[in-house]
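Asks: The structure is given below, and queries will be raised subsequently.
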Amino acid sequence: MAAGDTPPTSTVEPDTAQRHTAQEDTAQRDEEATGEEQVANSPRERALELVITIVLSLSALLTAWCAYQSTGLSGEQNRLDSRASVLQLQAFRAEQRATQQAQADLGAFDRWLEASSDGNTARANFTEQRFSAELDTAFRAWLALNPLADPDAPGSPLEMTEYVTPDETASVRLEAEAQRYEAAAEVADGAAGDYVLAVVLLAAGLFLLGIQSRIGVFELRAGMVVVATIIVVGAAVWAFRLPTGAGL
């Protein structure tokens, strides 16, 4: 080499340093990954993940079931309300017919009473023969009380317990049936609302299960999972005790 030449710069040492740095970074990453894997595979972590999986599955099934029941009960409530309205209308019409018959029977009795008071036996008998079956039954029971001599006797056969028209009986029966349908509709409405509340509780449990994975402290995660499990199980027990559409 000539005296004036500059010696070449060596690249061995920088290359070696870079390789060492890369190896150290790789080893550090492998160590961190191994540490994370060891933590994730610890027995308590595996147990916690198993509980989370079970509770999540249960919550999903219960949420779908409660939503289905709530929808079905809402439809059942509408059906029961519609049926109650129809029965109430039928009861009202039957009551109107019963009132009309009572007015007609009262008019017939008044004509009989007027003829009897006038001593017109033929007219009284003629009117009596045209009494309705319901009025005739009550009329004979009323005469048996000797109402002309007994001041405590009812004023007319229509006040007797024997006077009952078919439409009056039908009106009472239809009204009672309508009330039963209304009561069932109220039960369905309340149960539908309770199922919605159960869905809200299950959503709260799912929320806790979702955010617990963001917590770095195992004990805090476990506590949130326990609370979520209590909420989900409690909501399940409560929901299973609620009436269903088939039970109404």
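The values are calculated or read from the model by the stated rules, or taken from the named source; none is laboratory data. Keep in mind it's a predicted model, so treat the numbers as computed, not measured. Because the Cβ atoms are built from the backbone with ideal geometry, glycine has one as well, and the counts that use them run over all protein chains shown.
Asks: Only one of GLN103, GLN88 is of a type outside the set (A, V, I, L, M), modelled with pLDDT of 95 or more and over 30 Å from ARG180 (Cβ atoms). Can you tell me which?
Replies: Step by step, each of GLN103, GLN88 is checked, and only GLN103 is of a type outside the set (A, V, I, L, M), modelled with pLDDT of 95 or more and over 30 Å from ARG180 (Cβ atoms).
Asks: Could you list all residues from segment 139-174 that are surrounded by 18 or more Cβ atoms within 10 Å (Cβ to Cβ) and either of a type in the set (Lys, Arg) or more than 48 Å from the chain's Cα centre (by Cα) (or both)?
Replies: PHE139, TRP142, SER156, PRO157
Asks: Further, regarding this structure: Can you tell me which residue within segment 52-85, out of those that are surrounded by 16 or more Cβ atoms within 10 Å (Cβ to Cβ) and of a type in the set (Val, Ile, Thr), is farthest from TYR181 (Cα to Cα)?
Replies: ILE52
Asks: Among the residues of segment 108-122, which ones are more than 17 Å from LEU148 (Cα to Cα) and in contact (Cβ under 8 Å) with a residue 12 or more places away in the chain?
Replies: ALA108 - this is the single residue of segment 108-122 that is more than 17 Å from LEU148 (Cα to Cα) and in contact (Cβ under 8 Å) with a residue 12 or more places away in the chain.
Asks: While we're looking at this one, here's another question. Looking at (1) without any contact (Cβ under 8 Å) to a residue 24 or more places away in the chain; (2) assigned to a helix (DSSP H, G or I); (3) not basic (Lys, Arg), which is the only condition PHE139 fails?
Replies: Here PHE139 clears every test but (1).
Asks: Could you pull out the residue among GLU128, GLU168, GLU162 that is on the phi < 0 side of the Ramachandran plot, in a helix (DSSP H, G or I), of a type in the set (D, E, K, R) and free of Cβ contacts under 8 Å to residues at least 60 places away in the same chain? Give the steps one after another, and end with the answer.
Replies: Values: GLU168 fails: free of Cβ contacts under 8 Å to residues at least 60 places away in the same chain; GLU162 fails: in a helix (DSSP H, G or I).
On inspection, the qualifying residue turns out to be GLU128.
Asks: Right, another one. Report, by residue number, each residue of segment 227-245 that is surrounded by fewer than 14 Cβ atoms within 10 Å (Cβ to Cβ) and of a type in the set (Val, Ile, Thr).
Replies: Once the filter is applied, which keeps residues that are surrounded by fewer than 14 Cβ atoms within 10 Å (Cβ to Cβ) and of a type in the set (Val, Ile, Thr), segment 227-245 yields ILE230, VAL237.
Asks: Answer with yes or no whether ALA176 is aliphatic (A, V, I, L, M), in contact with a Leu (Cβ under 7 Å, 6 or more places away or on another chain) and over 27 Å from ILE54 (Cα atoms).
Replies: No: the conditions fail for ALA176.
Asks: Scan segment 79-101 residue by residue and report those that are touching a Phe, Trp or Tyr at 6+ places or on another chain (Cβ under 8 Å) and among the hydrophobic types (A, V, I, L, M, F, W, C).
Replies: LEU80, ALA84, LEU87
Asks: Go through the residues of segment 107-119 one by one and say whether even a single one is modelled with pLDDT of 95 or more, closer than 30 Å to TYR195 by Cβ and part of a helix (DSSP H, G or I).
Replies: no
Asks: Still on this structure: Which numbered condition trips up PRO243, out of (1) assigned to a loop (DSSP other than H, G, I, E, B); (2) farther than 17 Å from TYR68 by Cβ?
Replies: Result: PRO243 passes all but (2).
Asks: Considering only segment 147-163, I want to know if a residue exists there that is out of contact with any Lys or Arg (no Cβ under 6 Å at 6 or more places or on another chain), closer than 30 Å to SER82 by Cα and of a type outside the set (Gly, Ala, Ser).
Replies: no
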